Amino acid sequence: MRPSAQAPSVGASFAALSQVLVGTAAGVSAALVAYPVGGGQGLRYALAAVAMYAVLRLRKPPRVRVGARAWLLLFLLALLGQTLFNQLLIGSLEHADPATVGSILGCSPIALAVIAPLMARRRPGARIVAGSVLVVAGAVAVEGFGDASATGLLMALGVLVCEIAFSLLAVPLLPRLGALRVAAYSTALAVPQSFAIGWFSDGTGMLRVPTLAEASALVFIGLIATVAAFLLWYTALGTLGAERAGLFSGLVPVSAALSALVLGTGEVRPAQLAGSALVGAGVVLGMRMTREQPSPAPEIAPEPVRAAEVAAPVKTGTAAP
């Protein structure tokens, strides 16, 4: 995707804030360890979807036609980037040390720096790749390494794939739908997906009345780590492109470590300080402007909206708010 007319500094600020919010949510999520995963995620996405729909109603953006291919991409974005991401993340932590999972997940900047330009049929930028390497090295230094079984490693790799899909599947959708629609539609699709997995794994026990701490965590994760973080991230993707925005993923372990320090559940080690400095250096290097200009990403071709369809309900191939 070609960066938009917005200043790159705005996109960088949005990307950084988005990842800081995601990292902060890691500490808050500790309050949900006893709550059924599928049901909890379904509640989280339901709350977020309602909030995003309210924002859509307030902003009243022009209607666009959402074709079958766009709905398919949105479904896959919800399935991989949200529903399966959470399931695999929880599963991997049962077979691997959190540090190992976090370090593998921290490799996403390099993957985005290489895959995103190749999808746009251009060579990866050397400076962005070099910056991504520094970011990943810093993230690994912050996270460290631990023990993991073969199952844990495979599931952690699955988490990494889902994390990459969360950005790359959104790239062709953003030019027509915009950040708000992409976030709202995919989040709404993640609700039945999460509840279906919860029913399969926990049956009627997938939902229960949350404690005060659990309810507070669900509200924070639903409104802050989902609504705010998703909108900020997808806006940044449209401004910076996937490879530059991906540099800021290294801020997740840094902000998670800082939030653990604030919450009194962790401490800052020298390796974490050094890793944070590497992350910062990698972001600065990768964000430095070069002569390379990203070529446009594949975009879903616009489909004309007939007058009779303007008031049609939202469904595959019809006009959507």
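Values computed for the structure shown
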| item | result |
| --- | --- |
| Single unsatisfied condition, Lys60 versus (1) at pLDDT 95 or above; (2) at positive phi | (1) |
| Pairs where the first residue, in segment 34-61, is closer than 25 Å to Leu89 by Cα and the second is among the basic types (Lys, Arg) and open to solvent by 60 Å² or more (accessible area, probe 1.4 Å), C-beta under 8 Å, 6+ apart | Tyr35/Arg208; Pro36/Arg208; Gly39/Arg208 |
| Checking Val135 against (1) farther than 14 Å from Leu74 by Cα; (2) among the hydrophobic types (A, V, I, L, M, F, W, C); (3) open to solvent by 10 Å² or more (accessible area, probe 1.4 Å), the condition it does not meet | (3) |
| Hey, Leu17 of a type outside the set (Lys, Arg), open to solvent by 60 Å² or more (accessible area, probe 1.4 Å), more than 20 Å from the chain's Cα centre (by Cα) and over 22 Å from Thr204 (Cα atoms) or not | no |
| Unmet requirement for Gly91, which otherwise passes all of (1) open to solvent by 30 Å² or more (accessible area, probe 1.4 Å); (2) modelled with pLDDT under 95; (3) not polar (S, T, N, Q) | (1) |
| Long-range neighbours under 7 Å by Cβ, at least six apart or interchain, first residue over 12 Å from Gly91 (Cα atoms) within segment 133-162, second open to solvent by 50 Å² or more (accessible area, probe 1.4 Å) and of a type in the set (Val, Ile, Thr) | Val133/Ile110; Val136/Ile110 |
| Identity of the residue in segment 165-200, of a type in the set (A, V, I, L, M, F, W, C) and part of a loop (DSSP other than H, G, I, E, B), that ends up most open to solvent (accessible area, probe 1.4 Å) | Leu169 |
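The values are calculated or read from the model by the stated rules, or taken from the named source; none is laboratory data. If you're wondering where the values come from, they're calculated on a predicted model, not measured in any experiment. Don't worry about glycine lacking a Cβ; one is built from the backbone with ideal geometry, like all the others, and counts go over all protein chains shown. Keep in mind that these areas ignore ligands, DNA and RNA; they rest on the heavy atoms of the full protein, side chains included. Shrake-Rupley method; radii C 1.70, N 1.55, O 1.52, S 1.80 Å.
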